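Step one of this worksheet: look at the structure below.
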Amino acid sequence: MKTKTLLTSLIAATALCGLAQTAATPDIDNFAPVVVKTVPEAGSKDVVPGEMEIKITFSKEMADQSWSWATAWENSDPQSLGKPHYEADHKTCVMKVKLEPGKAYGWWINSPKFHGFQDPQHHPAIPYLFTFKTKDK
């Protein structure tokens, strides 16, 4: 009798574990987007000053007309030369800017306070600190 009860318990536990694994199986479409690439590369210290396009690439397609370029510290953002937009892949957000020589720049791409970068299912991107510095003249 003990063997039959133990066997029944093991079968039930195995079935429940199988159901639990099925229910908890991750689905990449439900994960929050993350920054996977920046141009210039985050942490760069030799960016050429002048006009350039800043590019932020996410791990998945993003909702158009939705972004949060939040300054990392006072005056950390360059002069913007137009509105941000997404490239055809809907993963890469582009903003044209003018960079001064010998200056450090930084944005929070989303932040604890601002959640504008979102995928079409309204999952906000994980906040990302993006910093770089331009060359001296």
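Rule-based calculations on the coordinates, nothing more; no lab input. All of these numbers come straight from a predicted model, not from anything done at the bench. Because the Cβ atoms are built from the backbone with ideal geometry, glycine has one as well, and the counts that use them run over all protein chains shown.
Here are the numbers:
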{"quantity": "Cut-off under 5 Å, modelled amide H: who pairs with Ala42 long-range", "calculated": "none"}
{"quantity": "The stretch 44-69 residues near the modelled Ile126 label - backbone nitrogen below 11 Å, point 7 Å along Cα→Cβ", "calculated": "59"}
{"quantity": "Distance between modelled label sites at Asn30 and Asn75, nm, 7 Å Cα→Cβ extension", "calculated": "4.8 nm"}
{"quantity": "Pairwise FRET efficiency - Glu41 versus Asp64, Cβ, R0 = 30 Å, nearest 0.05", "calculated": "0.75"}
{"quantity": "Over 24 Å between alpha carbons, listed pairs Lys45/Lys137; Lys55/Lys133; Lys91/Lys137", "calculated": "Lys91/Lys137"}
{"quantity": "For the stretch 33-133, convex hull of alpha carbons as volume per residue, Å³", "calculated": "86 Å³"}
{"quantity": "The stretch 89-101 - phi-based ³J(HN,Hα) in whole Hz, Karplus 6.51/-1.76/1.60, Gly and Pro as x", "calculated": "6, 6, 10, 10, 8, 10, 9, 7, 9, 10, 9, 8, x"}
